[in-house]
1. Does Ser80 fit the bill of being in a helix (DSSP H, G or I), closer than 27 Å to Leu164 by Cβ and in contact with a Ser or Thr (Cβ under 7 Å, 6 or more places away or on another chain)?
2. Looking for something farther than 22 Å from Leu256 by Cβ and among the small types (Gly, Ala, Ser) - is there at least one such residue anywhere in segment 122-142?
3. Look through Asp259, Asp248 and report the one residue that is modelled with pLDDT under 95 and over 23 Å from Ala119 (Cβ atoms).
Amino acid sequence: MERIRKALEQAERQRAENAGSTPAAEETPATSTLSPEDYEAAQAAADLRHSRTQAIEVSQRVLLDNRLISAMADHEFKDSYRMLRTRVLQILRQNQWNSLAVTGPTAGCGKTLTAINLAISLAMEVNHTVLLVDLDLRKPSIHEYFGFRPETGLSDYLQGDVPLYQALFSPAIERLTILPSREPIRNSSEMLRSPKMLALVNEVKHRYPDRIVIYDLPPVLAADDALAFGPYVDAMLMVAAAGSTSRDDLQQALALLKDAKVIGTVLNKARSPKTGYGYLRQGAATTA
């Protein structure tokens, strides 16, 4: 981490020099002492810090059509995600964690939509920023929920020389930054464990104490991605769909993640008969 920190400071000095102002001189480490992955991760973290993020406008119609409830001023189910947010924050703070992966047993459980609404709801809190990362590398879709087609994405950063800032975007929601993955990657689990990816994960986790990082992972039973990436996040959240996720699939997914810190299960597509929205009880988060 010390090597990455020094590389980050060097990258920031270089940016300042290019802008015509040079910060106070410090000892500059030789870049040859860093692995290429560590240095690129430091550069990427500097890109995040310097806010070269593309801002996009998202209409209320897009929010409504794609069920981005947490971003809407008034919606009957918004309190469900607030409840989920509060419970997640309590667990993260109790354990001094700041990274969370969201997954589900099978496709169609609503794990991506849950990850997005949770990230938006977390960003509504003024005490921290949120980075939402699309790690469903085989079927990336987070950008589609915002009606946006990025020209570059995480896949371009991992497989080429594209600077990370070119992939980032902000959907006009304060304190929320999104890192999409534009093109599908077939060798996704290998890419998630690549030195370049792990260096980036390590850097974004430790660089800013006020940041929460949310990762959207593929379904557990569809590929080994969630299992492969589990050791590199603080905790995981399981999403199941009422009426479609079978008990066997849920139990099998949880068994595969037995060594991960699964903090709870979100029962998606459920409706409380009295209130019309989900709620939190007995450690299981329930959302509409």
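1. Values: in a helix (DSSP H, G or I): yes; closer than 27 Å to Leu164 by Cβ: no; in contact with a Ser or Thr (Cβ under 7 Å, 6 or more places away or on another chain): yes.
Spelling it out, it is not the case that Ser80 is in a helix (DSSP H, G or I), closer than 27 Å to Leu164 by Cβ and in contact with a Ser or Thr (Cβ under 7 Å, 6 or more places away or on another chain).
2. Within segment 122-142, the subset farther than 22 Å from Leu256 by Cβ is 122-132, 140-142.
Cutting the leftovers down to among the small types (Gly, Ala, Ser) gives us 123, 141.
There is at least one residue in segment 122-142 that is farther than 22 Å from Leu256 by Cβ and among the small types (Gly, Ala, Ser).
3. Details: Asp248 fails: modelled with pLDDT under 95.
One residue alone meets the criteria, Asp259.
The values are calculated or read from the model by the stated rules, or taken from the named source; none is laboratory data. Bear in mind that the values here come from a model prediction, so they are computed numbers and not experimental data. Glycine also receives a Cβ, built like all others from the backbone with ideal geometry; neighbour counts cover every protein chain displayed.
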